[in-house]
1. Tell me which of these B:THR55 doesn't satisfy, since it passes every other one: (1) closer than 18 Å to B:GLU28 by Cβ; (2) surrounded by fewer than 16 Cβ atoms within 10 Å (Cβ to Cβ); (3) under 18 Å from the mean Cα position of the chain (by Cα).
2. Taking B:THR137 as the residue in question, decide whether it is under 19 Å from B:ALA22 (Cβ atoms) and either polar (S, T, N, Q) or at the interface with chain A (Cβ under 10 Å from one of its Cβ atoms) (or both).
3. I'd like the residue in segment B:27-52 that is in contact (Cβ under 8 Å) with a residue 60 or more places away in the chain and in a loop (DSSP other than H, G, I, E, B) and, out of all such residues, is farthest from A:ALA123 (Cα to Cα).
4. Could you tell me how many of the residues in segment B:12-26 are assigned to a loop (DSSP other than H, G, I, E, B), of a type outside the set (S, T, N, Q) and closer than 20 Å to B:ILE43 by Cα?
5. Find the strands (runs of 3 or more DSSP E) located wholly in segment A:52-149 whose residues include 1 or more that are surrounded by 22 or more Cβ atoms within 10 Å (Cβ to Cβ) and among the charged types (D, E, K, R), and list them.
6. Name every residue in segment B:83-105 that is in a loop (DSSP other than H, G, I, E, B), closer than 23 Å to A:PRO15 by Cβ and touching a strand residue (DSSP E or B) at 6+ places or on another chain (Cβ under 7 Å), in order of residue number.
7. Tell me, which residue of segment A:73-107 that is under 12 Å from A:LEU59 (Cβ atoms) and among the aliphatic types (A, V, I, L, M) is modelled with the lowest pLDDT?
8. When the residues of segment A:6-39 are filtered to those that are of a type in the set (S, T, N, Q) and facing another protein chain (nearest Cβ under 8 Å), which remaining residue is surrounded by the fewest Cβ atoms within 10 Å (Cβ to Cβ)?
Amino acid sequence: MVNGLDQKIVKLLAPISGTALTSSELDTVQSGVKTDYAIIYYMFGVIGAGNITAGNFKLQHSDVSGSGFVDIPVLGNGTGGTFGVVTTTTDDGKIFAINVDTRKTRRYLKVTCTATAATLGCAFAVLDRMKEAPFTAATRGVTGTELVI
Amino acid sequence: MIYSLDQKILGITPPAAIINNASFTTAEVDSVQNGVKYEWASIYVYLGATDVAVTSCKIQESDVSGSGFIDITGANGPASLSPTATDDNKFFVFHIDMRKRKRYLDLVLTIGSGATGGFVTAFAILSRSKEVPSTPTLRGANGGEVLVT
């Protein structure tokens with residue numbers, strides 16, 4: 001089994017420079033098939049002055065598209081999938097991962113992320129453990145083109 | 001099995017300021033991580049806003065780090081993709097069977113001359129290793145990782 005061909009990549013935030021770095025919604029149901037697992041990656045370039053402060057980089061979910069998003073509670077603290085401070089001094093060029101067992105979350109996921117000053121960043125998700133594996137470039141999320149070597 | 005926890009992500013070109021008529025700085029992909037060979041590499045080129053085509057988007061390989069890179073050639077010539085000026089926000093992907101390739105890969109990425117150029121990020125996801133990564137750092141989440149289960 002080739003893992004990369006059994007997964008789907010989803011654009012959440014195309015590479016940009018800005019302070020509003022919130023992702024688009026991630027629908028865990030693709031082509032009518034629920035995915036059991038998702039990893040959401042945030043890649044940063046240069047982080048603007050003032051950092052991404054605590055509470056401004058977290059995961060939310062909702063049963064419906066477009067509204068009703070709430071923080072995802074985690075047993076024990078109830079604060080959800082949140083990162084601490086992402087600093088301009090130590091976190092330039094780093095990758096942050098949010099691993100989500102989507103069997104235990106609502107259908108739609110979203111990451112809210114707001115930087116204090118213009119920051120270079122992008123985000124995407126890798127959907128995993130679908131009951132039906134994607135079998136074309138398009139169903140694997142390749143919106144451009146794909147080459148298998 | 002959660003495949004995405006058995007993979008490693010590597011930044012190749014972190015989100016950077018918009019580039020016009022120039023080559024992107026790309027980090028080599030070493031298919032051996034901590035002495036363990038990964039059998040599969042998926043290299044993603046992730047476009048943001050762009051007003052010009054990518055003039056070169058190809059993969060090279062070498063047995064040594066830093067030198068000796070030559071184009072990977074497939075049945076139809078060099079392994080290359082051709083994002084156009086209208087491919088904003090799309091993914092372009094190379095899926096590579098590393099059992100048949102040299103240890104090091106390098107993405108050659110050059111964007112043409114436009115009005116402002118384009119935002120482009122690139123990263124690799126390595127999978128199918130004999131020993132799976134067991135920590136966030138080994139999985140490539142060098143900024144941080146949260147688990148929502």
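1. (1)
2. No; evaluated as a whole, the condition is false for this residue.
3. B:ASN34
4. Residues in segment B:12-26 being assigned to a loop (DSSP other than H, G, I, E, B), of a type outside the set (S, T, N, Q) and closer than 20 Å to B:ILE43 by Cα: 4 in total.
5. Correct list: A:108-130.
6. B:PRO83, B:ALA85, B:ASP87, B:ASP88, B:ASN89, B:LYS90
7. Checked segment A:73-107; the qualifying residue modelled with the lowest pLDDT is A:VAL74.
8. So the residue we want is A:SER17.
The values are calculated or read from the model by the stated rules, or taken from the named source; none is laboratory data. Keep in mind the model is a prediction, meaning the values are calculated, not measured. Note that we place each Cβ from the backbone using ideal geometry, even for glycine, and neighbour counts take in every protein chain shown.
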